[in-house]
Amino acid sequence: MTPDERPWAGKRIHLIGIGGAGMSGWARVAGQLGATVSGSDRAESPALDHLRALGVEVHVGHDAANVPAGADVFHSSAIPADNPERTAGRPSLPRAELLRRLTALKRVIAVAGAHGKTTTTSMAAHALLGAGLAPGYLIGGALRSTGEHADWGSHRSGGWLVVEADESDRSMLALDTDVAVVLNIELDHHATYGSLAEVVEVFDAFRAAAPQVVAAPELARPGDIVFAPEDLVLEPGGSRFGWRGHEVRLVVPGAHNARNAAAALEACRLTGADEAALVAALAGFSGAGRRFERLGHTRSGAEVVDDYAHHPTEVAATIAAARSLRPRRLVACFQPHLFSRTRELYREFGAALAAADVACVLDVYPARERAEDFPGVSGLLVAEAAADAADGREVLWLPTLAEAERVLGPRLREGDLVLVMGAGDVDALGRALVVA
């Protein structure tokens, strides 16, 4: 490769929290750009094994000695300020700075929204790959058609990079964006934002920095390109709709995914890609990792689907999408994510879950938060709210994964569809229910 194709040759990069969905992908891309990459995480994971296979030096546990001399050091938003690697050698920079450097190298489609950004980013990358553009992509979930969270794509100058723009830590503002996609705006990250108005301000700054904006109809402003599926027809397990004279067919369910696809198509059209080729490619899109991911069937024949839904709007949309598959009975098993989010939204979570035939609620996955800082907050709040809204339908409070597996397993029957939802480790329950 020429120096232009490996512009980071000779650089050393060290990532603290390298096993995360975002950071592990960026480590892969940094290596493709020629950098020597190392990193650390608190525990072993399949992501670390994958990185080792790529030649990345990975450490389990955090120690100042892990940081190579002269390395540029970056940390994920989950890494506290007292981590020993953050002050070893050069001061550590937030992950947003790494994103800024990556997005400065290509033309960028950045997809933002409280919900749907992983799926829409995946759809855009999949469609551009199918249309022959060889884009790069940086996604928070694995693109099922490649099995990767990230890839640099073509090294030719002026190529395209499709990026998931994250508002949770305001890192979306660091992106060097050419096409900004705004799917929706809601208050989700209560530890970062004090009000919806603060979230709107960040989205305003994000879109203002981009020459072109693709926006939902309710958020569009003069000059924006508006996305909307025309004449939408929902079908079992998918949908079809019109877009610029083409019939679009999807094999991922739900009206929300039709909206996501329309947004992806409008953004991809701005690259100059052939419209018919984009539409044809999307017909083969089977989803992103942990986004309505069909895991298999239980011993009794119930189908198990895993989804990353962790906000009431997402839970409601996922349940609605599952209904389009017309199951005999819909069982929704939800693991709340973060005490702060649960405290603010437990009533809304309960109302969303009440749309299932059976709702099962686990305890809160704490992530970076501590239970002692949120007295009285647990998954029981969500379970009680679901019971209040369920109109007599069954609601189960099963705090642990083991309890949920023990109680749910014998109750499931052929024709049931089991949704396991949440941003924590609830996918392990789904996999445990499935017959190997």
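The values are calculated or read from the model by the stated rules, or taken from the named source; none is laboratory data. This structure is a prediction, so every number in the text was calculated from the model and none was measured. Positions of Cβ are backbone-derived with ideal geometry, glycine not excepted, and every protein chain shown enters the neighbour counts. What goes into the accessible areas is simple: the full protein's heavy atoms, side chains included, and nothing from ligands, DNA or RNA. Shrake-Rupley method; radii C 1.70, N 1.55, O 1.52, S 1.80 Å.
Assorted remarks:
- Considering A208, A267, the condition of being open to solvent by less than 10 Å² (accessible area, probe 1.4 Å) and not polar (S, T, N, Q) is satisfied by A267 alone.
- Taking the range 314-329 as the range and being open to solvent by 20 Å² or more (accessible area, probe 1.4 Å) and touching a helix residue (DSSP H, G or I) at 6+ places or on another chain (Cβ under 8 Å) as the test, the residues that pass are A316, A317, A320.
- Filter pass, V315 being touching a Phe, Trp or Tyr at 6+ places or on another chain (Cβ under 8 Å), under 29 Å from G22 (Cβ atoms), outside any strand (DSSP E or B) and of a type in the set (A, V, I, L, M): yes
- Among residues of the range 349-382, those that are more than 21 Å from the chain's Cα centre (by Cα) and over 24 Å from E414 (Cα atoms), counted: 16
- Residue check, A367 touching a residue at least 40 places away in the same chain (Cβ under 8 Å) and farther than 29 Å from G20 by Cα: no
- Count of the range 254-306 residues, restricted to those that are of a type in the set (K, R) and assigned to a loop (DSSP other than H, G, I, E, B), is 3.
- Selection count where residues are within 25 Å of V407 (Cβ to Cβ) and either touching a Pro at 6+ places or on another chain (Cβ under 9 Å) or not small (G, A, S) (or both), scope the range 351-374: 12
- Residue selected from the range 298-313 under the condition farther than 17 Å from G237 by Cα and of a type in the set (V, I, T), by the criterion least open to solvent (accessible area, probe 1.4 Å): T298
- Of all residues in the range 137-160 being more than 17 Å from the chain's Cα centre (by Cα) and at pLDDT 95 or above, the one that is nearest to Y308 (Cα to Cα): W152
- Long-range neighbours under 9 Å by Cβ, at least six apart or interchain, first residue touching a residue at least 24 places away in the same chain (Cβ under 8 Å) and of a type in the set (S, T, Y) within the range 273-287, second open to solvent by less than 30 Å² (accessible area, probe 1.4 Å) and in a loop (DSSP other than H, G, I, E, B): S286/V252
- In this structure, H59 does not qualify as in a helix (DSSP H, G or I) and open to solvent by 10 Å² or more (accessible area, probe 1.4 Å).
- Residue check, V181 modelled with pLDDT of 95 or more and within 18 Å of the chain's Cα centre (by Cα): yes
- Reported count of residues in the range 275-288, each being open to solvent by 10 Å² or more (accessible area, probe 1.4 Å) and either touching a His at 6+ places or on another chain (Cβ under 8 Å) or over 23 Å from G113 (Cβ atoms) (or both), is 8.
Matching residues to (1) surrounded by fewer than 23 Cβ atoms within 10 Å (Cβ to Cβ); (2) within 20 Å of the chain's Cα centre (by Cα):
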position: R6; (1), (2): yes, no
position: K11; (1), (2): yes, no
position: G19; (1), (2): no, yes
position: M23; (1), (2): no, yes
position: A30; (1), (2): no, no
position: E44; (1), (2): yes, no
position: A47; (1), (2): yes, yes
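- Test: residue in the range 95-114 that is of a type in the set (S, T, N, Q) and open to solvent by less than 20 Å² (accessible area, probe 1.4 Å): yes
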